[in-house]
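The values are calculated or read from the model by the stated rules, or taken from the named source; none is laboratory data. What you see is a predicted model, and the numbers here were worked out from it, not measured in a lab. Don't worry about glycine lacking a Cβ; one is built from the backbone with ideal geometry, like all the others, and counts go over all protein chains shown. Please note that ligands, DNA and RNA were not included when accessible areas were found on the heavy atoms of the full protein model with its side chains. Shrake-Rupley method; radii C 1.70, N 1.55, O 1.52, S 1.80 Å.
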Amino acid sequence: MTQERIAELQNKPIDLSDIPEVTPEQAKEFYPRSLRKAFQLIYNLFDKENLIWLEKNGLTNRVSINAALEKLRKESLKLA
């Protein structure tokens, strides 16, 4: 994209007229607000080896750790 085209797009106003109004009741149903009730804040300590494994596999945040746990749960793996 050329610098001229970028400047043209930056100076062009955005038309939001086709976006419907959202009531406060509808806004309460939007993500992530609707999921806040689904989470419970906990603190957990991981063994160093497990933490290294999580980091090596890119599981370093809440979303990815929850996804890994959900996969284990759905596969019905028996944990010791």
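Miscellaneous remarks
- Share of carbon and sulfur in the accessible heavy-atom surface of the chain [1.4 Å probe, %]: 57
- Contour excess over end-to-end distance, with Cα ends at Glu70 and Glu21 and 0.36 nm allotted per residue: 14.0 nm
- Exposed-site-free run, longest, the chain (rule: GluC sites (Glu not before Pro); DSSP loop; at most 13 other C-beta within 10 Å): 30-74
- Stokes-Einstein diffusion for the chain at 4 °C, viscosity 1.567 mPa s, with a Kirkwood radius from C-alpha pairs, works out to 72 µm²/s.
- Dipole check for the chain: with +1 at the C-beta of Lys and Arg, -1 at the C-beta of Asp and Glu, and the Cα centre as origin, the magnitude is about 560 Debye.
- Exposed-loop-free span, longest in the chain, where trypsin sites (Lys or Arg not before Pro) count as exposed if DSSP calls them loop and at most 12 other C-beta atoms lie within 10 Å: 29-77
- Calculated mean residue ellipticity, 222 nm, the chain: -12000 deg cm²/dmol, from DSSP H runs (n ≥ 4) at -39500 (n - 2.57) each, averaged per residue and rounded to 500.
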